[in-house]
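The values are calculated or read from the model by the stated rules, or taken from the named source; none is laboratory data. Every value quoted in this text rests on a predicted model; they were computed, and no experiment measured them. Neighbour counts run over all protein chains shown; Cβ positions are idealised from the backbone, glycine included. Note: accessible area is taken over every heavy atom of the protein model, side chains too, but ligands, DNA and RNA are not part of it. Shrake-Rupley method; radii C 1.70, N 1.55, O 1.52, S 1.80 Å.
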Amino acid sequence: SDARVHVFSIARIWGTSLGFPNPGLFPNKQEWAEQRAMVEQAVARLEREGVEADARVIGTRAGAKRIVGEARARGCGAIVMGADPPRNRVLGNFVWAQEPYRVRRRADVPVFLVVDD
């Protein structure tokens, strides 16, 4: 297809301190650089295959909410994400690795999860 691809990566913000943003909880320069390198590599690989792509690294505490919001804002027809195998739903809700499953529950477009064995 002639679909355009938007590559997103989340730089995790770990929370707040006493209700206020705390610089120690934000991603450091190395974490931002790692995320940027990862999305640049993905875009380069897609472009080698003839797919038009762009990339963005987003800092957020609420990954699923932000991914779904970005997909809506850009008019995406589907979301494709890498994912770990599903875990116990009760314990898994607190695990960052289960974020793709939260995206799938929130999204109003098809979400395709690529599960790595």
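Suppose we keep only residues that are among the aliphatic types (A, V, I, L, M) and under 12 Å from the mean Cα position of the chain (by Cα) within segment 31-47. Which one would you say is most open to solvent (accessible area, probe 1.4 Å)?
Residues of segment 31-47 among the aliphatic types (A, V, I, L, M): 33, 37-39, 42-44, 46.
Adding the requirement that they be under 12 Å from the mean Cα position of the chain (by Cα) leaves 38-39.
On the way: M38: 98, V39: 9 Å².
My answer is M38.
Of (1) surrounded by 11 or more Cβ atoms within 10 Å (Cβ to Cβ); (2) modelled with pLDDT of 90 or more, R12 satisfies all except one. Which?
Just one mismatch for R12, condition (2).
Would you mind telling me which numbered condition in (1) exposed (fewer than 11 other Cβ atoms within 10 Å of the Cβ); (2) modelled with pLDDT under 85; (3) among the basic types (K, R) R87 fails?
(1)
When only residues in segment 90-112 that are modelled with pLDDT of 90 or more and outside any helix (DSSP H, G or I) count, which is surrounded by the most Cβ atoms within 10 Å (Cβ to Cβ)?
Filtering first and then ranking leaves V111.
Which residues, taken from segment 48-81, are open to solvent by less than 90 Å² (accessible area, probe 1.4 Å), outside any loop (DSSP other than H, G, I, E, B) and of a type in the set (V, I, T)?
V57, I58, T60, I67, V68, I79
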